[in-house]
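Taking it in order: structure first as structure tokens, then the write-up.
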């Protein structure tokens with residue numbers, strides 16, 4: 001341990017300062033990427049915008065590009081950025097990442113984009129009426145399990161015929 005650290009600790013203990021919630025001095029730590037490299041947000045928005053879905057003024061905006069693809073493109077532009085940071089920036093920009101559908105789920109609905117537009121329009125209508133909006137994502141497998149348990153519950157409720 002350096003003598004300066006010991007000196008500072010001795011001085012702090014002598015002053016009866018008490019415990020602090022801070023580990024570092026105010027302003028310590030790494031600066032935010034957008035403070036160091038403000039162009040990264042503009043370039044990220046340019047990359048996402050052509051492939052983004054939903055109205056830019058809407059409650060729901062999403063992109064189909066992966067954070068890894070976007071990070072690779074930004075690195076090619078000279079930015080030092082990770083896919084995790086891209087995900088954080090997209091979240092701050094109001095984007096939702098839509099995962100690609102799995103082959104197990106079957107074929108995509110032909111009007112999938114129209115479905116998202118309908119959900120977005122309904123969300124805007126409800127928000128304008130000061131009603132809460134909750135987004136729930138269910139998987140096909142889960143829907144089948146719920147339906148199966150519902151059928152089982154109904155069959156248990158029926159009385160057995162007497163022989």
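Could you grab me the full set of residues in the range 4-30 that are farther than 26 Å from residue 88 by Cα and modelled with pLDDT of 75 or more?
4, 5, 6, 7, 8, 9, 10, 11, 12, 13, 14, 15
Determine the pairs where a residue that is assigned to a helix (DSSP H, G or I), located within the range 129-153, has a partner that is surrounded by 10 or more Cβ atoms within 10 Å (Cβ to Cβ) and at pLDDT below 65 with Cβ atoms under 6 Å apart, the partner being 6 or more residues away or on another chain.
Filtered contacts from the range 129-153: 140/105.
Output the residue which, of all residues in the range 31-44 that are farther than 18 Å from residue 73 by Cβ and part of a helix (DSSP H, G or I), is modelled with the lowest pLDDT.
Ranking the qualifying residues of the range 31-44, first place goes to 35.
For residue 158, work out the one condition from (1) at pLDDT below 65; (2) under 30 Å from residue 40 (Cβ atoms); (3) over 24 Å from the mean Cα position of the chain (by Cα) it doesn't fulfil.
(2)
So, in the range 69-83, how many residues would count as being in a helix (DSSP H, G or I) and touching a helix residue (DSSP H, G or I) at 6+ places or on another chain (Cβ under 7 Å)?
5
Could you look through the range 45-58, keep only residues that are in a helix (DSSP H, G or I) and out of contact with any helix residue (DSSP H, G or I) (no Cβ under 6 Å at 6 or more places or on another chain), and pick out the one that is modelled with the lowest pLDDT?
51
On the given criteria, is residue 109 modelled with pLDDT under 80, more than 20 Å from the chain's Cα centre (by Cα) and either under 30 Å from residue 35 (Cα atoms) or loosely packed, with under 15 Cβ neighbours inside 10 Å (or both)?
yes
Condition test on residue 88, is it modelled with pLDDT of 65 or more and surrounded by 10 or more Cβ atoms within 10 Å (Cβ to Cβ)?
yes
The values are calculated or read from the model by the stated rules, or taken from the named source; none is laboratory data. Model, not experiment: these values are computed from the prediction. Neighbour counts run over all protein chains shown; Cβ positions are idealised from the backbone, glycine included.
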